[in-house]
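Take a look at the structure set out below.
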Amino acid sequence: MEAVEPVLRLENVSKTYRSDGVSGRQQEVHALSDINLQLFPQTTLALVGPSGSGKSSLGRCMALLEPISGGKIWLDGGEVTQYTERQKRRVRPGIQMVFQDPASSLNPRFSALELVMEPLQIQKRGDRGTQREKATELLARVGLRRDQCDRLANEFSGGQRQRIAIARALALESKILILDEALSALDCSVQAQIANLLLELQSSLALSYVFITHDMAMAAHLAEQIAVMERGRIVEIGAGRRIVNAPQHAVTQRLLQAARGMHDVAQAPRAI
């Protein structure tokens with residue numbers, strides 16, 4: 001990987017939230033501190049940690065949905081932290097988020113086809129016929145039949161809605177997906193189906209993933225590299241196999257113990 005240019009790189013990134021306290025005095029919460037990460041082409045980086053460790057805040061910063069308080073972010077070699085808002089709007093389509101609860105991000109009054117067409121319409125990419133054709137193709141790629149495309153979002157199961165959310169994220173030909181607890185609300189059998197779908201899409205479309213989770217077993221199954229977070233910092237990072245087989249930090253060890261209660265972690269890693 002050292003000879004390959006990363007598609008996304010973070011250097012000393014920090015994030016501080018400010019709010020008014022009970023006394024009226026402004027309070028600061030340091031959500032992220034001194035984050036250094038690299039995401040390489042067609043690979044998966046897992047961000048693993050307990051609730052409140054800063055994983056989701058980091059994901060939103062990576063997707064350029066929130067400004068950072070310090071540090072630098074490079075996307076495809078360009079330092080996006082120096083971009084104007086207009087420049088950021090041009091590069092945001094290339095990096096999309098898929099959330100834990102697709103029902104909250106999918107308009108229930110829209111059909112599956114309309115949901116996938118919407119980003120294309122907003123970005124004015126192609127005419128309606130072209131948009132419909134592309135949306136139908138993407139829905140088929142994620143495993144939905146043509147006769148299901150006109151059903152409303154709330155008529156689908158949780159796993160099917162997540163498939164729609166993935167198709168929608170791919171509509172603008174994004175090369176980076178940030179999956180924020182995207183499997184955690186699904187039962188185990190559906191998790192496995194969506195995980196396999198993600199691997200197939202990564203291979204066929206040359207995608208890079210940031211997989212945010214508290215599930216070390218699933219992280220080890222999907223990711224070449226794992227970064228373990230606690231209190232806004234990365235406390236351990238390395239190849240998935242090394243992290244699983246020889247965890248160094250107490251947080252990593254606790255997450256692995258929890259995972260072994262639900263999964264056979266020994267068979268999970270595909271990491272190099």
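Only the coordinates and a few stated rules stand behind these numbers; no lab work does. If you're wondering where the values come from, they're calculated on a predicted model, not measured in any experiment. We place every Cβ from the backbone using ideal geometry, glycine too, and count neighbours over all the protein chains shown.
Working from the Cα coordinates of the stretch 73-142, the gyration tensor eigenvalues give, after taking √(5λ), semi-axes of 26, 16, 11 Å in decreasing order. Among the trypsin sites (Lys or Arg not before Pro) in the stretch 28-109, those located in a DSSP loop and surrounded by at most 12 other Cβ atoms within 10 Å of their own Cβ are Arg109. Structure remark: mean-square fluctuation, Gaussian network model of the chain, C-alpha springs under 10 Å; the largest value among Glu181, Glu230, Glu155 belongs to Glu155.
Helical runs (DSSP H, four residues minimum) scored at -39500 (n - 2.57) apiece and divided by the length of the chain put the mean residue ellipticity at 222 nm at -10500 deg cm²/dmol.
In plain terms, the chain from Val235 to Ala250 could stretch by 4.5 nm, reckoned as 0.36 nm per residue minus the Cα-Cα distance. Considering the stretch 116-171 at the alpha-carbon level, its Rg and Dmax are found to be 10.8, 31 Å. Suppose the Debye formula is applied to equal point scatterers at every Cα of the stretch 86-214; what is log10 I(q)/I(0) at q = 0.12, 0.14, 0.16 Å⁻¹? Computed log10 I(q)/I(0) values: -0.41, -0.57, -0.76.
Counting only DSSP beta bridges with both residues in the chain, the antiparallel share comes to about 55 percent. Cross-link reach is defined here as a Cα-Cα straight distance under 21 Å, omitting same-chain residues fewer than 8 places apart; for Lys134 the lysines meeting it are Lys124, Lys175. With no solvent and one equal point scatterer per Cα, compute the Debye intensity ratio I(q)/I(0) for the chain at 0.09, 0.10, 0.11, 0.16 Å⁻¹ and report its log10, rounded to two decimals. Once normalised to I(0) and log-transformed, intensities are -0.43, -0.53, -0.64, -1.28. Rank Ile35, Ile226, Ile176 by mean-square fluctuation in a GNM of the chain with C-alpha springs under 10 angstrom and give only the top-ranked residue. For the chain, modelled as a Gaussian network with Cα springs under 10 Å, the answer is Ile35. At 20 °C and a viscosity of 1.002 mPa s, what translational diffusion coefficient does Stokes-Einstein give for the stretch 207-248, taking Rh as the Kirkwood radius over Cα pairs? Give it in µm²/s as a whole number. It comes out at roughly 202 µm²/s. Compared with the direct C-alpha span, the chain from Glu133 to Ser104 gains 7.9 nm at full extension, assuming 0.36 nm per residue.
Along the charge dipole of the stretch 102-248, which of Leu144, Asn245, Ala195 sits closest to the positive end, that is, farthest toward it, with unit charges on the beta carbon of Lys, Arg, Asp and Glu (+1, +1, -1, -1)? So the residue we want is Leu144. Legend: calculated FRET efficiency, Val4 to Glu173, from the Cβ-Cβ distance at R0 = 25 Å, rounded to 0.05, equals 0.75. Partners of Lys55 within straight-line reach, counting aspartates and glutamates whose Cα lies under 12 Å from its Cα and excluding those fewer than 8 residues away in the same chain: Asp180, Glu181, Glu230.
Result for the chain in a Gaussian network model with C-alpha springs under 10 Å: among Asp20, Asp187, Asp215, the largest mean-square fluctuation is at Asp20.
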